[in-house]
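Report on one structure; see the data block that follows.
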Amino acid sequence: MTITVQPRLTRVFRFTRASYADGVAELAYAFDEGEELVETIRFPQAPAVPTERRAAFDAALKLLHLVAGVSYYKAGVPPKIELADGPLDDGTAELLDQLYLHGLAEFAYRNGLDLRGRIAFPRLGAGTGTERSRGGSAPAVGTLDLPKRTLVPIGGGKDSLVAVEAIKAISGEATAVWVGNSALIAACAERTGLPMLNIQRELAPGLFELNRLGAWNGHIPVTAVNSAILVVAAILYGYDSITFANERSASAATLEYDGQQVNHQWSKSLAFETLLGDWLHSHVAADLDYCSLLRPYSELAITRAFAKLTPYFDVFSSCNRNFKLLGPKPVDRWCGQCPKCHFVFLALAPFLPKPRLLGIFGRNLLDDENQAAGFDALLEYQDHKPFECVGEGAEARAAMYALSQRPEWQEDALVERFRSEILPQLDATQLALEPWLQPSPEHRVPARLQPALAAIG
């Protein structure tokens, strides 16, 4: 494929077509009048789409086409969006406008762009004549009597494993699902003992050529893309719930810039969960639930729960360097240098015997003065929270304070530095660990799965 377009100079981003046959979905996009960029998603051993689910499946496939387009739109961020099959109802357009604006907020911040006022998906009722008379509302959908079983996305880290064990504790029927080729995730999924579903996503090769030609690049809301893939899977294979493991800390912004909150984890936030969950009930199936089982809990509460799940200690990893598309991966499961390694080490430390924690990581990250800047960022001390899926600064400070009160940790270089340099600047009454271990009542877990919440706390 030869790409000749200069992505940053394009004027229109086009959603050209989406198709599905025999377990393979093709999603096509284009800039201006350029060649199509075609993404492929493969659903293994896919059954035929039941007739009674065909309309829901078509709606889910359309959603996937629209959501996955974020990977390509960001290459040029042109001022106009065109849809081959016409404008959207208000609910769908609003979901997409919010996703592209907030899901690309970090990308925009890092590239010095302002996407406010630039992203506008075509809406029914925005034109004249027939479009306006049709209105902007979507037709109501009913229930599909989907089988009462759950797709649980596995990411290789602690959170999804806590969710799995909570569902297993109530004898819930569930399948461990993941997108891509990670051997580490596959090992974690196998360790759960659940049935497994591995879906493949192949980005359009032309995207990498656009990058070579100077496309804008950066973070995309990948959880939203994976969520849309799993919506298609739920209708195709028959599941009534998609249950992620996103904690309440994921709703906290990484920073605020020029009047806009920038949240690295926006597609893991309660705001996105609510938008998508409500959209599914109104556009796909009234009995298809999308939620996060861990939404009531902080990162610290989740690490406390995970500290009891010893069978996973030798297979899990939250180190994001394991999951990058390009570049070197750590020789073991933890690089020991990235924000995720720093945070998981710090968050587990109050709940595991020190020798056990050092055995997991193979080293003591808190006794390495060269790691000071990384932990400072977690504490939001002289820096903002890292652009990573880590907990809130106040959580990190509470964990570090707890360690600073324990003799076995006090002499480690960064704990001692916290005690002598940082702690005197903090209000010690705001550093208690216990409040972080209490669940919030705010969540969207369906009644069928709510008994699993007791297995976490």
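The values are calculated or read from the model by the stated rules, or taken from the named source; none is laboratory data. Just so it is clear, the model here is predicted, and its values are computed rather than measured. Positions of Cβ are backbone-derived with ideal geometry, glycine not excepted, and every protein chain shown enters the neighbour counts. Each accessible area value is taken on the protein alone, full model and side chains, heavy atoms only, with ligands, DNA and RNA left out. Shrake-Rupley method; radii C 1.70, N 1.55, O 1.52, S 1.80 Å.
Observations, loosely collected:
- Selection status of GLU442, without any contact (Cβ under 8 Å) to a residue 60 or more places away in the chain and either open to solvent by 50 Å² or more (accessible area, probe 1.4 Å) or out of contact with any Pro (no Cβ under 7 Å at 6 or more places or on another chain) (or both): no
- Residue check, GLY142 open to solvent by less than 50 Å² (accessible area, probe 1.4 Å), out of contact with any strand residue (DSSP E or B) (no Cβ under 9 Å at 6 or more places or on another chain) and within 25 Å of ARG333 (Cα to Cα): no
- Close pairs from the stretch 349-375: first over 12 Å from ARG417 (Cβ atoms), partner open to solvent by 20 Å² or more (accessible area, probe 1.4 Å) and in a helix (DSSP H, G or I), Cβ under 7 Å, at least 6 apart: PHE351/ARG304; LYS354/GLU408; ASN364/LEU358; GLY374/PRO339
- Index of the failed condition, GLU411 passing every other in (1) under 30 Å from HIS219 (Cα atoms); (2) open to solvent by 80 Å² or more (accessible area, probe 1.4 Å); (3) acidic (Asp, Glu): (1)
- In the stretch 359-404, the residue that is farthest from GLU434 (Cα to Cα) out of those that are surrounded by 18 or more Cβ atoms within 10 Å (Cβ to Cβ) and among the polar types (S, T, N, Q) is GLN371.
- Those strands (runs of 3 or more DSSP E) of the stretch 213-293 in which 2 or more residues are touching a Pro at 6+ places or on another chain (Cβ under 9 Å) and either closer than 28 Å to PRO195 by Cα or open to solvent by 40 Å² or more (accessible area, probe 1.4 Å) (or both) occupy 241-244, 289-292.
- Flag for ILE422 being aliphatic (A, V, I, L, M), over 29 Å from the mean Cα position of the chain (by Cα) and surrounded by 14 or more Cβ atoms within 10 Å (Cβ to Cβ): yes
- Filtering the stretch 294-305 to residues that are in a helix (DSSP H, G or I), open to solvent by less than 10 Å² (accessible area, probe 1.4 Å) and not aliphatic (A, V, I, L, M) leaves GLU299, THR303.
- Selection over the stretch 150-183 of residues that are open to solvent by 30 Å² or more (accessible area, probe 1.4 Å) and hydrophobic (A, V, I, L, M, F, W, C) gives a count of 4.
- Condition check for LEU449: among the aliphatic types (A, V, I, L, M), open to solvent by less than 60 Å² (accessible area, probe 1.4 Å) and touching a residue at least 24 places away in the same chain (Cβ under 8 Å): yes
- Counting only helices (runs of 4 or more DSSP H) that fall entirely inside the stretch 342-457 and contain at least 2 residues that are hydroxyl-bearing (Ser, Thr, Tyr), the qualifying elements are 393-404.
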